[in-house]
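**Student:** There's a structure below that I have some questions on.
The values are calculated or read from the model by the stated rules, or taken from the named source; none is laboratory data. Here the structure is a predicted model, which means the values were calculated and not measured. Note that we place each Cβ from the backbone using ideal geometry, even for glycine, and neighbour counts take in every protein chain shown.
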Amino acid sequence: MRILLTLLILITANVTLTTSVHARSLVVLGDSLSAAYKMKPEQGWVQLLENRLRIEGYSQDIVNASVSGDTTQNGIARLKLLLQQVDAQIVIIELGGNDGLRGTPPFAIKRNLQRLIDMAEGADAQVLLLGMQLPPNYGKAYTMKFSEIYREVADDTEVAFVPFFMENVALVPERMQADGIHPSIAGQPFLLDTVWPYLETMLNR
């Protein structure tokens with residue numbers, strides 16, 4: 001039976017995992033885009049991913065370590081704890097959007113993403129990096145530099161890379177919530193469909 005775990009609960013409650021891990025895990029380290037923001041957990045793309053894995057016959061457990069509002073720096077601390085708890089086969093890194101919205105210097109975001117990748121690979125896990133973009137109102141120079149970070153990190157580390165996680169959602173109003181930042185329930189299947197081809201290749205290695 002596949003297990004959907006939320007790392008935030010484990011950390012805040014200081015609970016140690018007691019479930020026997022019978023298969024290597026697929027970890028989603030993300031922010032509100034992967035934490036089913038303002039919807040039921042089962043409506044989010046990570047739960048839809050768990051459903052697809054079951055249908056396709058994959059045995060990996062899903063560990064959803066996504067926390068709304070999280071940054072790449074926060075992710076470093078959480079991933080360190082997580083990798084002590086589970087045997088990660090694949091780590092999907094969906095972080096950096098909140099860094100960008102706060103105007104974090106691109107070099108710091110890049111450094112943190114590289115650190116996350118190093119940590120995952122040091123635990124013998126494959127990495128899938130999900131690229132992000134910012135709304136144009138953050139200034140052309142900064143938004144361009146921000147979007148380039150992900151390609152640069154992927155090229156430097158040679159990890160699997162989705163150029164823009166929100167590609168099929170961000171510009172379609174009915175797939176977005178009213179805030180214009182978060183995907184709606186209708187957008188969740190499109191997020192999964194964007195990730196799946198890359199992830200399926202990794203699962204079959």
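**Student:** Limited to the range 140-174, what total is found for residues that are without any contact (Cβ under 8 Å) to a residue 60 or more places away in the chain, under 21 Å from LEU191 (Cα atoms) and among the aliphatic types (A, V, I, L, M)? Spell out how you get there, then give the answer.
**Tutor:** So the first thing to find is which residues in the range 140-174 are without any contact (Cβ under 8 Å) to a residue 60 or more places away in the chain, and the list is 140-164, 167-174.
Now narrow it down to the ones that are under 21 Å from LEU191 (Cα atoms): 146-151, 154, 159-164, 167-174.
From what is left, the residues that are among the aliphatic types (A, V, I, L, M) are 149, 154, 159-160, 162, 169-172.
Residues that pass the stated criteria total 9.
**Student:** For ILE185, only one of the following conditions fails: (1) surrounded by fewer than 21 Cβ atoms within 10 Å (Cβ to Cβ); (2) touching a Leu at 6+ places or on another chain (Cβ under 9 Å); (3) of a type in the set (A, V, I, L, M). What is its number?
**Tutor:** Going through the list (1) surrounded by fewer than 21 Cβ atoms within 10 Å (Cβ to Cβ); (2) touching a Leu at 6+ places or on another chain (Cβ under 9 Å); (3) of a type in the set (A, V, I, L, M), ILE185 breaks only (2).
**Student:** Further, regarding this structure: Scan the range 67-82 for residues that are farther than 16 Å from LEU113 by Cβ and either polar (S, T, N, Q) or buried (at least 16 other Cβ atoms within 10 Å of the Cβ) (or both) and jot them down. Write out each step before concluding.
**Tutor:** Let us first name the residues in the range 67-82 that are farther than 16 Å from LEU113 by Cβ, namely 67-69, 81-82.
The answer is VAL67, SER68, LEU82.
**Student:** Quick one: would you say THR143 is of a type in the set (S, T, N, Q) and surrounded by 17 or more Cβ atoms within 10 Å (Cβ to Cβ)? Lay out the reasoning, then the answer.
**Tutor:** On the way: of a type in the set (S, T, N, Q): yes; surrounded by 17 or more Cβ atoms within 10 Å (Cβ to Cβ): no.
It is false that THR143 is of a type in the set (S, T, N, Q) and surrounded by 17 or more Cβ atoms within 10 Å (Cβ to Cβ).
For every residue, the table says whether it meets (1) at pLDDT 95 or above; (2) in contact with a Leu (Cβ under 7 Å, 6 or more places away or on another chain); (3) in a loop (DSSP other than H, G, I, E, B).
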site	(1), (2), (3)
ALA23	no, no, yes
VAL27	yes, yes, no
LYS38	yes, no, yes
LEU49	yes, yes, no
SER59	no, no, yes
SER68	yes, no, yes
ILE76	yes, yes, no
GLY100	yes, yes, no
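**Student:** Shifting gears a bit: Could you check the range 79-135 and list, in sequence order, the residues that are touching a Ser or Thr at 6+ places or on another chain (Cβ under 6 Å) and free of Cβ contacts under 8 Å to residues at least 40 places away in the same chain?
**Tutor:** ASP99, GLN133, LEU134
**Student:** Give the range 153-184 a look and list any residue that's among the β-branched types (Val, Ile, Thr), farther than 16 Å from GLY96 by Cα and in contact with a Phe, Trp or Tyr (Cβ under 6 Å, 6 or more places away or on another chain), or say none.
**Tutor:** We begin by selecting, within the range 153-184, every residue among the β-branched types (Val, Ile, Thr); these are 153, 157, 159, 162, 169, 172, 181.
Filter once more, keeping what is farther than 16 Å from GLY96 by Cα: 157, 159, 169, 172.
Across the range 153-184, the qualifying residue is only VAL169.
**Student:** Look through the range 104-140, keep the residues that are modelled with pLDDT under 95 and either aromatic (Phe, Trp, Tyr) or in a helix (DSSP H, G or I) (or both), and return whichever of them is nearest to ASN168 (Cα to Cα).
**Tutor:** The residue in question is PRO136.
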